[in-house]
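First comes the structure, then the notes that go with it.
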Amino acid sequence: MHPWQELTRDSGLALHGPLAMAMDVAALQADFATLDRDLPAEARGSFGGTNGWTSVPLLDRRLDGAPVAMPALALMPSVAALLVRADWRVRACYLLRQGPGEILKWHYDGQALHLEEARILIPIAVPPAAVTWVGHEAAAYPPGQAWAGDFSIPHQVENPAPEQRVVLALDVDATPVVACLFPPALSAEPLRRIQLAQECCNLVRAWRGSGQE
């Protein structure tokens with residue numbers, strides 16, 4: 001266990017939880033199959049030494065931060081319906097792919113229910129062995145079960161399986177209404193969470209600087 005995982009374990013804070021909202025997983029999977037078949041390679045992003053594409057923007061951010069619909073969104077009407085829900089404001093939306101056997105190593109983001117922006121993940125194609133570590137907690141949700149984590153805490157995404165992992169990522173305003181869709185413990189004690197994230201991220205930076213990554 002890494003030092004930052006020991007900190008999160010000892011904190012007693014919840015680091016991830018499910019969204020209390022029904023999802024039509026069959027529609028999401030059918031739309032993704034259409035997109036994966038019809039979307040040209042130039043509309044898919046690939047970053048790092050990965051096996052195939054890694055990202056497809058459905059709702060992207062302009063330079064001024066305003067969201068703009070991308071052509072790929074027309075291939076996923078089930079996602080388009082999600083984006084216009086009245087109880088949240090979506091800033092961006094992406095399909096994220098992790099190839100077989102790949103690891104997205106320890107990193108941290110400024111997204112959590114107690115911060116300005118939260119990231120909601122909806123698994124579409126997820127091998128049973130795939131897991132996201134948020135601090136010391138292992139998150140593994142089935143297809144169609146939307147969830148969020150405190151991603152200001154260091155996290156790592158592992159897919160040891162021979163199949164790809166595909167999730168829908170929605171970046172939303174972290175309003176009290178959105179927070180109420182999740183277990184209350186996930187947004188509890190915001191000041192302590194901010195302090196914990198700072199301590200954990202400092203440990204990750206020191207770990208990287210020591211050449212242990």
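Here, each number is a calculation from the coordinates, and none is a lab measurement. Keep in mind it's a predicted model, so treat the numbers as computed, not measured. Ideal geometry is used to build each Cβ from the backbone, glycine not excepted, and the neighbour counts take in all protein chains shown.
Remarks
- Loop-located chymotrypsin sites (Phe, Trp or Tyr not before Pro) across the range 20-124 with a Cβ neighbour count of 11 or fewer within 10 Å are 47, with loop assigned by DSSP.
- Taken about its Cα centre, the range 23-71 carries a charge dipole of roughly 140 debye when the Cβ of each Lys and Arg holds +1 and the Cβ of each Asp and Glu holds -1.
- Debye, to nearest 20: dipole size of the range 113-213, +1 on Lys, Arg Cβ, -1 on Asp, Glu Cβ: 140
- Helix runs (DSSP H) in the chain reaching 15 Å along axis by Cα, Kyte-Doolittle at least 0.0: 25-38
- GluC sites (Glu not before Pro) restricted to DSSP loop in the range 50-122 with at most 13 other C-beta within 10 Å: 116
- DSSP-loop trypsin sites (Lys or Arg not before Pro) across the range 22-78, with at most 16 other Cβ within 10 angstrom: 62
- ³J(HN,Hα), Karplus 6.51/-1.76/1.60, whole Hz, each residue of the range 116-129, x for Gly, Pro: 6, 9, 10, 10, 9, 10, 10, x, 10, 9, 10, x, x, 7
- Size descriptor for the range 1-103, Kirkwood hydrodynamic radius: 16.4 Å (Cα pairs only, one decimal).
- When the Gaussian network model of the chain links Cα atoms closer than 10 Å, the mean-square fluctuations of 156, 164, 195 top out at 195.
- Among 45, 99, 135: highest mean-square fluctuation, GNM of the chain, C-alpha pairs under 10 Å: 45
- Reducing the range 21-40 and the range 114-128 to their Cα centroids gives an inter-centroid distance of 16 Å.
- Dipole of the chain [Lys/Arg +1, Asp/Glu -1 at C-beta], most positive-end residue of 110, 1, 180: 110
- Cα-centre dipole for the chain with unit charges at Cβ (Lys and Arg positive, Asp and Glu negative), debye to 20: 140
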